[in-house]
1. Over the chain, what relative contact order in percent results from Cα pairs under 8 Å that are six or more residues apart?
2. If I build a Gaussian network model for the chain, linking alpha-carbon pairs within less than 10 angstrom, which residue out of Glu216, Glu312, Glu22 has the largest mean-square fluctuation?
3. Can you tell me the dipole magnitude for the chain around its Cα centre, using point charges on the Cβ only (Lys, Arg +1; Asp, Glu -1), in Debye to the nearest 20?
4. Find the eigenvalues of the gyration tensor of the Cα atoms of region 16-114, then list the square roots of 5 times those eigenvalues as equivalent ellipsoid semi-axes, largest first, in whole angstrom.
5. Could you check what % of the DSSP bridge pairs in the chain are antiparallel, to the nearest 5?
6. Would you kindly derive the ³J(HN,Hα) couplings of region 242-256 from the backbone phi angles with the Karplus curve 6.51 cos²θ - 1.76 cosθ + 1.60 (θ = phi - 60°), listing them in order in whole Hz, with x for Gly and Pro?
7. Determine, for Leu136, Leu7, the number of other Cβ atoms within 10 Å of each Cβ, and report the residues in order from fewest to most.
8. Using a ≥ b ≥ c from the Cα gyration tensor of region 137-264 (square roots of the eigenvalues), is it rounded, prolate or oblate, where a/c under 1.5 gives rounded and otherwise the larger of a/b and b/c decides, a/b for prolate?
Amino acid sequence: MIIDGKLFQEQKIEELKNLIKEKDIKIKNAVIVVGNDPASEIYVRNKITICTKVGIETELISLDETISEDKLLEFIDYLNNREDINGILVQLPLPKHISEDKVARAINPNKDIDCFNPYNIGNMVIGNNKIGTDILPCTPMGILMLLEQYNIDVVGKKVVVVGRSNIVGKPISILLTNKGATVTVCHSKTKDLIAELKTADIAILAIGKAKYFKQEWFKQDVVIIDVGINRQEDNKVCGDFDIEKDKYKDFQGMITPVPNGVGRSTIVALMYNSLSCYYKQNKEKSKTNKLLELQTNFLKEQEDNKYRIEQENKCFLALVNYMQKKLS
């Protein structure tokens with residue numbers, strides 16, 4: 001059975017579009033692209049197209065690849081302080097002279113729609129994993145949403161994640177653990193990968209090697225989540241799992257195709273993170289307004305008390321003067 005990312009995306013676009021329209025939500029994201037990486041440009045274009053469909057505005061900022069790290073960080077700070085910007089995304093990869101870690105840390109956590117800031121990663125680890133409220137890594141969140149859409153229960157299931165990247169492998173292993181799955185993370189140092197894969201109820205493949213994983217390495221009823229997007233010599237796109245395009249429909253278990261699988265759900269997750277950022281900023285504004293109100297009320301109360309004390313003092317002095325006159 002095919003886990004159809006394209007159909008899932010279409011359904012979620014309609015849901016989000018209706019929600020944004022019904023609640024009159026105004027979201028604007030800033031997307032920064034440094035340099036002229038063709039793959040990045042295509043991916044960013046796809047993101048902007050989908051966001052536009054649901055009613056999320058995007059400000060695309062293209063910067064020269066020679067920009068210094070300090071200048072980029074200054075520009076991010078400028079966007080952090082712009083009230084009209086709800087989300088900030090810096091498209092990776094970045095030129096070698098710019099630290100991706102510094103860039104991730106520079107983004108305001110409440111505007112971090114890619115969920116790269118360590119603050120948001122920490123929140124994810126401790127279990128703040130509510131979609132549409134918490135900010136989560138996009139690809140892992142998209143995977144969770146696909147599993148939920150197809151009623152694939154992960155509680156008590158054996159999940160094997162192959163790949164330990166900060167973007168996919170590590171966060172999805174944490175999210176699934178938080179959901180009640182028993183998770184094994186495999187990587188280049190794993191001694192017997194095939195033996196591990198044979199035990200998997202759900203396998204998440206994220207190593208970026210075209211058609212690396214063979215069908216005979218898995219149980220027949222396995223759920224395959226293929227995160228890999230690889231371009232072959234004939235320029236066709238394929239995943240990490242070894243299967244021909246016309247054979248997906250005959251797969252005995254469940255599988256995400258490539259293309260139209262996890263890539264589609266990742267962009268959906270980006271939109272949900274945009275919504276989460278919007279809500280968090282409005283909550284902060286509400287808190288700030290409440291604090292200002294309390295401060296104003298306190299100052300007014302202080303002024304009222306000051307006036308009352310002054311009047312009491314005047315009355316007391318008047319009484320003293322009156323008594324002195326009487327006694328004299």
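Each reported figure results from applying straightforward, stated rules to the coordinates on display, with no laboratory input. A quick note: this is a predicted structure, and the numbers were derived from the prediction, not measured. Note: ideal-geometry Cβ built from the backbone for every residue, glycine included; neighbour counts use all protein chains shown.
1. Answer for the chain is 19 percent.
2. Glu312
3. Working: 46 positive and 45 negative charges, 187 e Å.
Using Cβ point charges on Lys, Arg, Asp and Glu, the chain gives about 900 debye.
4. Each semi-axis is the square root of five times an eigenvalue, giving 25, 16, 10 Å.
5. Details: 2 of 33 bridges.
Around 5 percent antiparallel, to the nearest 5.
6. 3J(HN,Hα) across region 242-256, in whole Hz: 7, 8, 7, 4, 7, 9, 4, 5, 9, 5, 6, x, 10, 8, 8.
7. Result, fewest neighbours first: Leu7, Leu136.
8. Values: a/c = 1.33, a/b = 1.28, b/c = 1.03.
It comes out rounded by the Cα gyration axes.
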